[in-house]
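Report on the structure given below.
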Protein chains: 2
Amino acid sequence: MAQLTAETSPLKPNETEIDALATRIAAGERRALARAITLAESTRSDHRARTLALFDALRKADALGDEAVRIGLSGAPGVGKSTFIEAFGGYLTGLGKRVAVLAVDPSSSLTGGSILGDKTRMELLSRDPNAFIRPSPSGATLGGVARRSREAITLCGAAGFDVVLVETVGVGQSETMVADMTDVFLLLLAPGGGDDLQGVKRGVMELADMVVVNKADGDLKPAAERTRADYAGALRLLRRRPGDPENIPAAMSISALRAEGVEEVWQRVCVLDDWRRETGWRDRRRREQAVRAFEAEVERGALDALRHHPKVAAEWTALELAVANGTITPEGAAAHILALFLGHSEPATPSDPDKG
Amino acid sequence: MAQLTAETSPLKPNETEIDALATRIAAGERRALARAITLAESTRSDHRARTLALFDALRKADALGDEAVRIGLSGAPGVGKSTFIEAFGGYLTGLGKRVAVLAVDPSSSLTGGSILGDKTRMELLSRDPNAFIRPSPSGATLGGVARRSREAITLCGAAGFDVVLVETVGVGQSETMVADMTDVFLLLLAPGGGDDLQGVKRGVMELADMVVVNKADGDLKPAAERTRADYAGALRLLRRRPGDPENIPAAMSISALRAEGVEEVWQRVCVLDDWRRETGWRDRRRREQAVRAFEAEVERGALDALRHHPKVAAEWTALELAVANGTITPEGAAAHILALFLGHSEPATPSDPDKG
């Protein structure tokens, strides 16, 4: 449970305090932003009530702008993700921009120390007054982490950040999740060494707007360029998204350590982001992402209620095992569970829109 | 609604008739199989009851074997899918095998005539006594089609078919669905002509165990080989699934029209299928597919009940629009809907396993 210490003085469900917090967020105060994200991460009902009230207050104050560009970034351990974020973030603040960096990784998939490690490895950026770095919200399930992350992104935008970088180590379905809450998606790779594990996880290459091959310096430079060319070829085989410009998806090689190529990454992101805003693609996509998030949250809540229904909880595990063993069909088992939950006599088939 | 005509004599919820149908299916009778699939496609409660009883009878008769190899096949219009299926199916029946071909496409995504067209285009195979061709079940939603298709696959296996080919034109999420109900997935392409539309839809390449480039004959032969080489290169960049043999995923070029390369496709499918059975991968995967199908059916039913709840139905569309317009956050809207469905006072957050 999120710790709201005495120092952060527990908020009463009092309009004035929520309004005050909203005002401070809209004024760009980092501490207010941090407190709001902590509040939003809590699942306690009273905290959820305050979070919803906070979003309401921000909307009324016209602070829920959508100007911030949301960049998703996936990078497996070893590709230099922290070095890249430090270089990229530092470049952006150098341009006068305010940059938020949110980590998104379900805790069940993290190896020890990576949450704290991220922040300490980006030493310069973590001390930059125009940067805001937040470790991943805790949470065992992807759905829970997704909800918290979406709300954090919205809050960062309300606090006036120009760029919100949402980064993940890319375990499980986290890339898909991050792509579903951002405008542009970058995939960071190291030069291929012939090692099988260097291959891109299935399903991720197709998410990328840009494949960025890091460590293009010294001895690895030729390998980095070969890897870049390989991915450029592979990306050409993928059907372009309707509405994307000609040069997307793209593959490039950089050296984050030397801050070489970082400017080019930003320029390409800007060109793509501008294109997508001008063509209306970004607004359409954000609308779709919001609606999908709504449906996902409804599903999550409905399923959660179902799984915790006393009659269902008593039988779920045994039924799942029976399905795995083939002693009951998936559909038969589902009909049984639904009958328990909805209180019909078996077999229960809820009204099916597919009258076949 | 499925039409059960006088000729197919409506089945009474009578054990003996269901047992009789089960016996005939297990004996390999095509007409019994066709009737059972039609019955399973119906969503009427009494038909569902009979279908579940039928599966039960088949299980008791030990007829739900898992010997049949399930091959998924995606091919966009124009790549020669029907020609391939005709050639491939004909080759297999020539080897003495019994082949079932099931089409899987949500009706909302089909262009006119393609259902009937499929069957008439595979003229030889549709007259082959050892082949069984079934058009796609009707259904507007992917979930509804998925359920019917899974049950049809199981019934084909019970009827003793050696190979069940599950094919789709690949619209929407249908490839993912087909991959989730088969053991081996083939992606059929035509030689690349530089046309953007020839690109592989995002998310599909990573599903494929084999990319098969068709029309490698005559003038197109060089282009087919180049396309094959391109995809072989792209597939090498993907991380191999844990447990897959070294040569998978693979890319090959064939000419379905000349029946060239069809034997090689089958041999590679066999090698992969044998490998996956021997390593236990196939059984594990089928168990996972079954459990996922169970969870998906439960979700579908729960959501369906929720969407049809009178209080929810009255507000859903307006809330969805408000979410799209940004006047309420996805999470806020979801909390509202769940409160209506579960009967709590707002804001309702069901017990969250992610105590944050």
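Key figures for this structure:
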{"read-out": "Some residue of region B:100-109 being on the phi < 0 side of the Ramachandran plot, buried (at least 21 other Cβ atoms within 10 Å of the Cβ) and of a type in the set (Val, Ile, Thr)", "value": "yes"}
{"read-out": "Which numbered condition residue B:68 misses (of (1) out of contact with any Phe, Trp or Tyr (no Cβ under 8 Å at 6 or more places or on another chain); (2) closer than 22 Å to residue B:176 by Cα)", "value": "(1)"}
{"read-out": "Hits in region A:118-166 - residues which are outside any loop (DSSP other than H, G, I, E, B), within 27 Å of residue A:56 (Cα to Cα) and not hydrophobic (A, V, I, L, M, F, W, C)", "value": "A:134, A:143, A:144, A:147, A:148, A:149, A:150, A:151, A:154, A:157"}
{"read-out": "Only listed residue being modelled with pLDDT of 95 or more, more than 17 Å from residue A:157 (Cβ to Cβ) and under 21 Å from the mean Cα position of the chain (by Cα), chosen from A:71, A:85, A:37", "value": "A:85"}
{"read-out": "Matching residues in region A:267-286 - criterion: being surrounded by fewer than 17 Cβ atoms within 10 Å (Cβ to Cβ) and of a type outside the set (Val, Ile, Thr)", "value": "A:267, A:270, A:274, A:275, A:277, A:278, A:280, A:283, A:284, A:285"}
{"read-out": "Count of region B:121-149 residues which are touching a Pro at 6+ places or on another chain (Cβ under 7 Å) and modelled with pLDDT of 85 or more", "value": "3"}
{"read-out": "Failed item in (1) without any contact (Cβ under 8 Å) to a residue 24 or more places away in the chain; (2) closer than 23 Å to residue A:77 by Cβ, with residue A:201 passing the rest", "value": "(1)"}
{"read-out": "Selection from region A:313-330 of residues that are among the aliphatic types (A, V, I, L, M), surrounded by fewer than 19 Cβ atoms within 10 Å (Cβ to Cβ) and more than 19 Å from residue B:283 (Cβ to Cβ)", "value": "A:313, A:314, A:318"}
{"read-out": "Near pairs, Cβ below 8 angstrom, 6+ apart or cross-chain, from region A:42-62 (facing another protein chain (nearest Cβ under 9 Å) and without any contact (Cβ under 8 Å) to a residue 60 or more places away in the chain) to any residue that is crowded, with 19+ Cβ neighbours inside 10 Å and of a type in the set (Val, Ile, Thr)", "value": "A:42/A:51; A:45/B:349; A:48/B:349; A:52/B:329"}
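Residues checked against (1) assigned to a strand (DSSP E or B); (2) over 24 Å from residue A:283 (Cβ atoms); (3) in the same structural domain as residue A:158 (by TED's automatic domain parsing):
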| site | (1), (2), (3) |
| --- | --- |
| A:31 | no, yes, no |
| A:35 | no, yes, no |
| A:51 | no, yes, no |
| A:77 | no, yes, yes |
| A:88 | no, yes, yes |
| A:91 | no, yes, yes |
| A:100 | yes, no, yes |
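The values are calculated or read from the model by the stated rules, or taken from the named source; none is laboratory data. Computed from a predicted model, the values in this text were never measured in an experiment. Here Cβ is always computed from backbone atoms with ideal geometry, including for glycine, and neighbour counts include all displayed protein chains.
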